[in-house]
Structures are given as structure tokens and as C-alpha cells.
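Okay, structure first, notes after.
The values are calculated or read from the model by the stated rules, or taken from the named source; none is laboratory data. Keep in mind that what you see is a predicted model, and the values were worked out from it rather than measured. Note that each Cβ is placed from the backbone with ideal geometry, even for glycine, and that neighbours are counted across all protein chains shown. We work out accessible area using only protein heavy atoms, side chains counted, and drop any ligands, DNA or RNA first. Shrake-Rupley method; radii C 1.70, N 1.55, O 1.52, S 1.80 Å.
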Amino acid sequence: MNFEFSEEQLMIQQAARDYAQRELIKDVIERDTHAIYPTEHVKALSELGFMGMLVDPKYDGGGMDTVSYVLAMEEISKVDSSVSVIMSVNNSLVCYGIEKFGTEEQKEKFLKPLARGEKIGAFLLSEPEAGSDATSQRTTAEDKGDYYLLNGTKNWITNGNTAGTYLVIAQTHPEKGHKGINVLIVDRHSPGISVGPHEDKMGMRSSDTHSVMFNDVKVPKENRIGEDGFGFKFAMKTLEGGRIGIAAQALGIASGAFERAVKYSKERKAFGTEIANHQSVAFKLADMAVKIENARNLCLKAAWLKDQGKPYGYASAMAKYYAAEIAMEVTTEAVQIHGGYGYVKEYHVERLMREAKLTQIYEGTSEIQQIVISRQVLSEF
Amino acid sequence: MNILVCISNVPDTTTRIKYSADMKAVDYSGVQWIINPWDELALTRAIELKEANPALVQKITVITAGGADAEPTLRKALACGADDAIRVDAAGGDSLFTATQLAHAVKGEPFDVILCGIESSDYNGSAVGGMLAELLDYNSVSAVSSLNLEGNSVKVTREIDGGKQSIETAAPVVLIVQKGIAINPRIPSMRGIMTARTKSLKVVAAAAASPGSKVVGYQAPPQKSACKMIDPENMDELVHLLHTEARVI
Ligand SMILES: Cc1cc2nc3c(=O)[nH]c(=O)nc-3n(C[C@H](O)[C@H](O)[C@H](O)COP(=O)(O)OP(=O)(O)OC[C@H]3O[C@@H](n4cnc5c(N)ncnc54)[C@H](O)[C@@H]3O)c2cc1C
């Protein structure tokens, strides 16, 4: 057992922290308020290698382990989860999916630009009528011999407009149910694709969420990942890893709010003393610290299992579920500790609280994580 | 041209400095170490110059005098973009000791421009750069806030009272740099972090030298006294307290 980070892991953590605390912090409130996409930050983080940090250097990635990824995601998310969600979708859903299951040609053609951050990826699973129940896909990918014909609508797609490369999940053989589903790599600018308006969200307002419509979009056969009918399994496998990213994001939201609450409690005075000297405030901080430490350990355990090539689906569901729940609790308490100041934008904690809420919803709601965890518990014990 | 950047390994600037119980030593337990901020800017400028003109700046070397525990800081400098590193295996001592160790490792090596931060954020000695130039018998310019290279000519500006001074000098030279030399310190990229491990970090044995001074003890700064709030209506009391308690008027 060893709880030490390597020198490289610490360097990555520091690099992410430096970027977040020096650059992201400057305009985060402005971007959130006006829902401005962080174009320059995505470019800078791509140049630093964060957008493809998990990809093998042979495909132009950073070649870093998942533990480093958790450390980086936490630091970026302490400041701005609109940016970290772009990083998470690109790294752990799109790049991972192609690298793990794609052909050599697909990696050469699609993975490399994604790993360099020249193109950003999007993962298109959810539909208006298929959220938690991802098996009921209505989008169809009709087999036309040498191409698929794609029709349907995807909802809530992160990077929906800015992405250059889509991974689209669609039904080819409705009679086979979820075993008839495929996953296709689709160029965002293919004829027949239209993107809906930017969703006006409660939090992560500067990330780019859209619905995407497909109207007779032709996708070459060689863009299918895996065997015919592999799509649903692909989505589930990829989301297992994606959850580590979102868990680390939730962790960062919690620890970012916590750091602000600790600092504020040592500055703000009430009844003749710093509020940290009031036991009910100090005990809140103690509870927050314990929850964050637990969430961090769950995230790192899931990441470590993945790095070791061991099964990590159960651990990543636990990490995502727990970190998202405590992010909501911790950010709510951080606002409370800030009193009225916590309720205005300038102090950041209200924004972190809005961001926390999303971590309980996307990449599998908390209830879906409970289903995954309870199934495993009941089958094993 | 070859550029050498002298790196001081210092506690993170947010560290709360603690002392041993007898106040004769700094207690470094639990301290996070970083590249001295001025040295980090110097390194950043060296990297910028090399990126802008790789034909002119062939190599950037970083050097520190310190124990093996300073190596992570050197590797961070390698990750940022330095080409190789030297550690003189000599920890502690005063400015003269450090300058002597650096000079010992550098003498006879083909460095054209040597960059030193104006001071280190821990001991604020502001002496190593000047001493190093003297020991090497190189020219030196202090308080440099911008640097450009053209052929063999080294063009710098210095902050002076009421303005800036432009100076041209020739290599080899020691430049003692301050804020402004680069704007944002370089953040290492993933690629940089990965390749840092493969770059050379040479350890040089210490020179026989002894410090020119000895630390006899430390004193912590006095505790800040509590802030006193005075009613804005009550100006007389403010004047009275400034006179009798603060004794500033
Ligand atoms: C900002 C944002 C970004 C997103 N980005 C993406 C993206 O990039 N790609 C993508 O594919 N999707 C994305 N999503 C979609 C997201 O993953 C879904 O919203 C999520 O899976 C929930 O689906 P739903 O909204 O249809 O809710 P529903 O599935 O309708 O769920 C409604 C409620 O019912 C509960 N519920 C449902 N079934 C059960 C059950 N069996 N047992 C107990 N409770 C249940 C849920 O937990 C939830 O509380 C994004 C969503 C948002 C809001």
C-alpha cells in the first residue's frame, strides 16, 4: 500500500493548478454569466497537452495515467467545471473510446487530432426519450451496404456545436434491442447535421450544450467502432471510465468551495471573533474535510484500478455517486459559511454550488449509480 | 549561444515559515519546494528566446547548488523546457558559499549568458549573481527587466529611477534579472513532463569552500496586533490614538 504520488503526478497537479489559478480564474465569472465558450482556454490547455493527456504518445497524446488525470481534473474543476467537462468528454469518453476499441486507421485519422486538441470530440448517447434508459435509442443507423444512414435527434450534447468529431450511438437492428445498437464516428460537418440552440443552463453555463439533429446523414461503414451491434456495450464501457472524470470534477468542485470556505472563515468576524472560532462553523469544516477526503480516495482508487488494468466499473460508480453527492453538500455549506456574500457571484461559491448539481445528473444520475452499485452488491455478497 | 539559468530551490511562497524550538534553524518539515519565482521568470525568458531563434540559442542548462532533495525542482525546470541540468552537491551555506559552488561547476564551461534571479524568495540575499560574475571574472548587469539576443550582442534594459536604461554588452555575461524579464512563468506541458526524465541531470561534487558568515539565530516577526475600529463620527479619538498609541503623529 502506498499513498505517495510520483514526481510526475505532482508536476501535472501543479501545472493544472497553476493554469487554473492564474488563467481560468480571471474571467470565469464573466464567462459563466454570459455563457461564453472558453475558446482560448481550450486552445491553451490543448497546447499543454491536457485535452489528450490519457492517450498514448504514439497517437499524439500525453501518455499520462488515470491518477494524474484525477489530479488535473480536480485542480481545473476547483475553478471552472465548464472547462473541465470539455476536458473530461474529450479525454475519457471520445479519445478513450476510439483508442480502446477503434481500428488502427480510425486512430490515425480521428484520434490524433483529438489527442492534440485540434479537434474536440462529443459523445452522443442521450436522446429526448432516452436518458437514464439508454437502451431505448430512437436514432437509427440504417445499414445501406457501404454506408449507414443516420436519422434522429440527440439531446444535451456537451461540445455539441464546437466539436469536430462526434461519436454517435444509434440503433441499426431494432428487433435485437440493445444488441442492435452501433457506435459511429461522424464528422460534425457532414451534410444533414443541424445543431439546436445553446441550452441556457443553471451551471457550467459556458460549456457548449446542444441538441443535434441527423437527417439522412451518410456515414462510411469504416467509421463504425467494433463489430456490428457493439454500440451499447461500447457506451457502457466508455462511461465506466468517464465516471472517473466526472467524479474528479465533483471532487474539485467540492474542494474548491471548501478551500474558499476555510479562508473566509478565518477572515470574517462575527461576535468579536473570526467565524472559524464558532464551533458550528469549525465542525462544518471538519465534516466537509472528511467528505472530500473520502471522495478523493474513491476517485484515486478507481483511477488506480484502471491504471492497473483491473475491473473498475464498481469503483468508478461509487466514486461518481459519492463525489457528486458530497459536492452538493459541501458547496451548499460553503455558501452557508459565506452568509450573504456566498449568495453573490463575486465569491464563487454560489457558482460552484450550481456546478455541483450537474454532477449528480450527467454520465448516469446518482440513482443510476445506486442501481449499478446495488446490483454488484447483491450479486457478490 | 548557451544559456545557463541558476535555480534556487525555495519553499512555496505561501509556506508559513516555522523555526526550530531554539530559534537557530528553519524547520523545513512539510514544506513544498518550488523554483524561486525570479529564476522561474529567467528560465521562461531563456525558453522564449530559444523557441524564437533555435539557431541562435542552442542549449539551456539549469544549475542549482543543493542536496538530492533539490532534484525534483531541477526536473521541473527540465519539464518546462531546459535541455539539461547540473546539481552541485553542496547544501546550505551563505551567498558566497553558493556562488563559489556555482562558479566551481561552471568555470571553463561554454556558457555565454548566465541568468540569476535578483534574489531568492527565502533568504532575499541578492548577492549570488554579483558574486558569481566576480568569481568567473565575467561582466554583469543587475536589475535586468528585459533581454534580447542578436548575434553575439546581449541587449538588456534595466529599471532605473524615473525610467529605463538600455544596455548592450557582449557574452560571456552574468545577468541578474528581476520582474518583467518574462510575464507569465512557463507551465510545463505533458510532453515536457514526460521527457524531463530522459534529460541529463549531472551531479558535480562540491568544491572545498566554507561560508563567509555564520547564522547565529532567527527572530519571528512580531504578531500583528488586532485592528481597532473607530466610529467615523469620532475623529478626535482617532487623532488621540494616532498620537498616544501608534505615535505616528
Ligand atoms: C449539461 C448536460 C450535459 C450533458 N452532456 C451529455 C453528453 O455530452 N452526451 C450525452 O449523451 N448526454 C449528456 N447529457 C445527458 C445526461 O447524461 C442525461 O440527462 C442523464 O443521463 C439523465 O437522463 P434524463 O435527463 O433523460 O433523465 P431521466 O432518465 O428521465 O431521469 C429523470 C429522473 O428519474 C430517475 N430515474 C430514471 N430511471 C430510474 C430508475 N430506473 N430508478 C431510479 N431512478 C430513475 C433519474 O435518476 C432522474 O432523477 C447531459 C446532460 C446535461 C444536463
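Of all residues in the stretch A:8-38, which are closer than 15 Å to A:VAL70 by Cα and facing chain B (nearest Cβ under 10 Å)?
Listed by number, the residues that qualify are A:GLU8, A:GLN9, A:LEU10, A:MET11, A:ILE12, A:GLN14, A:ALA15, A:ALA16, A:ARG17.
With respect to A:SER84, determine if the residue is away from chain B (no Cβ under 14 Å), out of contact with any Cys (no Cβ under 8 Å at 6 or more places or on another chain), crowded, with 24+ Cβ neighbours inside 10 Å and within 10 Å of A:GLN249 (Cβ to Cβ).
Against the criterion (away from chain B (no Cβ under 14 Å), out of contact with any Cys (no Cβ under 8 Å at 6 or more places or on another chain), crowded, with 24+ Cβ neighbours inside 10 Å and within 10 Å of A:GLN249 (Cβ to Cβ)), A:SER84 qualifies.
Can you tell me which residues in the stretch A:159-197 are part of a loop (DSSP other than H, G, I, E, B) and either over 30 Å from A:GLU30 (Cβ atoms) or within 11 Å of the ligand (Cβ to nearest atom) (or both)?
Within the stretch A:159-197, A:ASN159, A:GLY160, A:ALA163, A:THR172, A:HIS173, A:SER190, A:PRO191, A:GLY192 qualify.
Tell me, please, whether a residue that is aromatic (Phe, Trp, Tyr), outside any helix (DSSP H, G or I), farther than 22 Å from B:LYS76 by Cβ and touching a residue at least 24 places away in the same chain (Cβ under 8 Å) can be found in the stretch A:34-44.
yes
Anything in the stretch B:129-139 that is within 11 Å of the chain's Cα centre (by Cα) and open to solvent by 40 Å² or more (accessible area, probe 1.4 Å)? List them, or say none.
Within the stretch B:129-139, no residue meets the criteria.
Out of A:TYR341, A:TYR362, A:TYR314, A:TYR322, I need the residue that is hydroxyl-bearing (Ser, Thr, Tyr), within 17 Å of the chain's Cα centre (by Cα) and in a helix (DSSP H, G or I). Which one?
A:TYR322 is the lone residue from the list that is hydroxyl-bearing (Ser, Thr, Tyr), within 17 Å of the chain's Cα centre (by Cα) and in a helix (DSSP H, G or I).
For the structure I just gave you, tell me whether B:THR61 is of a type in the set (S, T, N, Q) and in contact (Cβ under 8 Å) with a residue 40 or more places away in the chain.
Yes, satisfied.
Give me the pairs: first residue in the stretch A:111-128 and within 14 Å of another protein chain (Cβ to nearest Cβ), second residue within 16 Å of the ligand (Cβ to nearest atom), beta-carbon distance under 6 Å, and six or more apart or on different chains, which are they?
A:ALA115/A:CYS95; A:GLY117/A:MET51
Going through the stretch B:74-102 one residue at a time, which ones are of a type in the set (A, V, I, L, M, F, W, C), closer than 25 Å to B:ALA196 by Cα and in contact (Cβ under 8 Å) with a residue 40 or more places away in the chain?
B:LEU74, B:ALA77, B:LEU78, B:ALA79, B:CYS80, B:ALA82, B:ALA85, B:ILE86, B:VAL88, B:ALA90, B:LEU102
State which residue is nearest to the ligand (Cβ to nearest atom) when the search covers only the stretch A:96-136 and only residues that are touching a helix residue (DSSP H, G or I) at 6+ places or on another chain (Cβ under 6 Å) and aliphatic (A, V, I, L, M).
Result: A:LEU125.
Which number in (1) in contact with a strand residue (DSSP E or B) (Cβ under 9 Å, 6 or more places away or on another chain); (2) more than 10 Å from chain B (Cβ to nearest Cβ) marks the one condition that A:GLU104 misses?
Looking at each condition in turn, A:GLU104 falls short on (1).
Report the residue count in the stretch A:103-125 for those that are surrounded by fewer than 20 Cβ atoms within 10 Å (Cβ to Cβ) and under 26 Å from A:MET213 (Cβ atoms).
Residues that pass the stated criteria total 4.
Output the number of residues of the stretch B:190-225 satisfying the condition of being within 14 Å of chain A (Cβ to nearest Cβ) and in contact (Cβ under 8 Å) with a residue 60 or more places away in the chain.
7
If I ask for residues that are surrounded by fewer than 23 Cβ atoms within 10 Å (Cβ to Cβ), more than 16 Å from the ligand (Cβ to nearest atom) and under 30 Å from A:ASP133 (Cα atoms), which ones from the stretch A:327-367 would you list?
Those that are surrounded by fewer than 23 Cβ atoms within 10 Å (Cβ to Cβ), more than 16 Å from the ligand (Cβ to nearest atom) and under 30 Å from A:ASP133 (Cα atoms): A:GLU329, A:THR332.
Is there a residue in the stretch A:302-319 that is within 16 Å of the ligand (Cβ to nearest atom) and either within 29 Å of B:LYS228 (Cα to Cα) or modelled with pLDDT of 95 or more (or both)?
Checked against the condition, which is being within 16 Å of the ligand (Cβ to nearest atom) and either within 29 Å of B:LYS228 (Cα to Cα) or modelled with pLDDT of 95 or more (or both), the stretch A:302-319 yields at least one hit.
Would it be correct to say that A:TYR147 is out of contact with any Ser or Thr (no Cβ under 7 Å at 6 or more places or on another chain) and either within 13 Å of the ligand (Cβ to nearest atom) or assigned by TED's automatic domain parsing to the domain that holds A:HIS348 (or both)?
Spelling it out, it is not the case that A:TYR147 is out of contact with any Ser or Thr (no Cβ under 7 Å at 6 or more places or on another chain) and either within 13 Å of the ligand (Cβ to nearest atom) or assigned by TED's automatic domain parsing to the domain that holds A:HIS348 (or both).
So that you can scan it fast, the table gives a plain yes or no per residue for (1) more than 10 Å from the ligand (Cβ to nearest atom); (2) in contact with a helix residue (DSSP H, G or I) (Cβ under 6 Å, 6 or more places away or on another chain); (3) in a strand (DSSP E or B); (4) open to solvent by 20 Å² or more (accessible area, probe 1.4 Å):
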| position | (1), (2), (3), (4) |
| --- | --- |
| A:ILE157 | no, no, yes, no |
| A:MET204 | no, yes, no, no |
| A:ASN215 | yes, no, yes, yes |
| A:GLU222 | yes, no, no, yes |
